[in-house]
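Trainee: This is the structure I want to talk about, given as structure tokens.
The values are calculated or read from the model by the stated rules, or taken from the named source; none is laboratory data. Source: prediction; values computed, not measured. Methodologically, a virtual Cβ is constructed for each residue, glycine included, from the backbone with ideal geometry; neighbour enumeration extends over all protein chains shown. Surface areas here come from the heavy atoms of the whole protein model, side chains and all, with no ligands, DNA or RNA. Shrake-Rupley method; radii C 1.70, N 1.55, O 1.52, S 1.80 Å.
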Amino acid sequence: SMHGHIPAARAALIERIAARAERLRTERPPVAPAALVRAYYHGVAEEDLAEHDRDALARAALQHLAFATARKPGETLVRVFNPDREADGFGSSRTVVMTVTDDMPFLVDS
């Protein structure tokens, strides 16, 4: 299946976020928004997904994709920000850390 071995409740939440992302799709995204969302939130617990608005979650994933498209090979990008609905397309009471880098072991070790 598209979701591998994750709980059905999580898969259902991810599909709702994926549907929202498809409606937000830009002209020619480098990755299909629904496919991005499925991979992006695959390992996130359903309690955490259910805690946030699906529009905000879809927009956050698409923002991260947009950030990633600016990356040159071998470069590491890090963005730390407090999302603003006007500037970022989604708001959050939390600080967001976005990273884009080459895949490597122990990349995020906490």
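Trainee: Once the principal axes of the Cα atoms of the range 50-105 are found, what is the range along each, listed largest first in whole angstroms?
Mentor: Here the Cα extents, ordered largest to smallest, are 33, 24, 17 Å.
Trainee: Give, as a single signed number, the net charge of other residues whose beta carbon lies under 13 Å from the beta carbon of G4, with Lys and Arg counted +1 and Asp and Glu -1.
Mentor: Local net charge: +2.
Trainee: Placing unit charges on C-beta atoms (Lys and Arg positive, Asp and Glu negative, everything else neutral), compute the dipole magnitude of the chain about its Cα centre in debye, rounded to 20.
Mentor: Its charge dipole is roughly 340 debye.
Trainee: Determine how many Å³ per residue the convex hull of the Cα atoms of the range 1-59 encloses. Present the calculation step by step, with values, prior to reporting the outcome.
Mentor: Values: hull volume 4.1 nm³, N = 59.
For the range 1-59, the hull spanned by Cα atoms encloses 70 Å³ per residue.
Trainee: A follow-up question, please. Between E51 and F67, how many nm apart are label points set 7 Å from Cα along the C-beta direction?
Mentor: In this crude label model, E51 to F67 measures out at 1.8 nm.
Trainee: Now a separate question. How much net charge surrounds L57 when only other residues with a Cβ under 11 Å from its Cβ are counted (Lys, Arg +1; Asp, Glu -1)? Working shown, then result.
Mentor: Numbers: positive: R16, R20, R54, R59; negative: D48, E51, D53, D55.
Once all neighbours under 11 Å are counted, the net charge is 0.
Trainee: Follow-up. Could you please report the charge total around V31, scoring K, R as +1 and D, E as -1 over all other residues with beta-carbon less than 13 angstrom from its beta-carbon?
Mentor: After counting each charged neighbour, the total is +2.
Trainee: I need the chymotrypsin sites (Phe, Trp or Tyr not before Pro) found in the range 54-110, filtered to DSSP loop residues with at most 11 other beta carbons within 10 Å of theirs.
Mentor: When the chymotrypsin sites (Phe, Trp or Tyr not before Pro) of the range 54-110 are filtered for loop state and at most 11 Cβ neighbours within 10 Å, F106 remain.
Trainee: Still on this structure: Only helices at least 30 Å long along their axis, Cα-based, and averaging -0.5 or more on Kyte-Doolittle count here, so list those DSSP H runs from the chain.
Mentor: Once both thresholds are applied, nothing remains.
Trainee: Shifting gears a bit: What whole-number distance in Å separates the alpha-carbon centres of the range 20-36 and the range 37-77?
Mentor: A separation of 12 Å, based on Cα centres.
Trainee: Give me the one-decimal nm value for the distance between modelled label points at R23 and V78, 7 Å along each residue's Cα-to-Cβ direction.
Mentor: Spacing of the two 7 Å Cα→Cβ label points: 3.6 nm.
Trainee: Sort I14, I6 by heavy-atom solvent-accessible area, probe 1.4 angstrom, most to least.
Mentor: Ranked list, largest accessible area first: I6, I14.
Trainee: Evaluate the Kirkwood expression for the hydrodynamic radius of the chain, namely the inverse of the mean inverse distance over all pairs of different C-alpha atoms, and round to one decimal in Å.
Mentor: Evaluated over the chain, this radius sits at 14.8 Å.
Trainee: Between A9 and A32, what is the label-point separation in nm under the 7 Å Cα-to-beta-carbon projection?
Mentor: Inter-label distance under the simple model: 2.8 nm.
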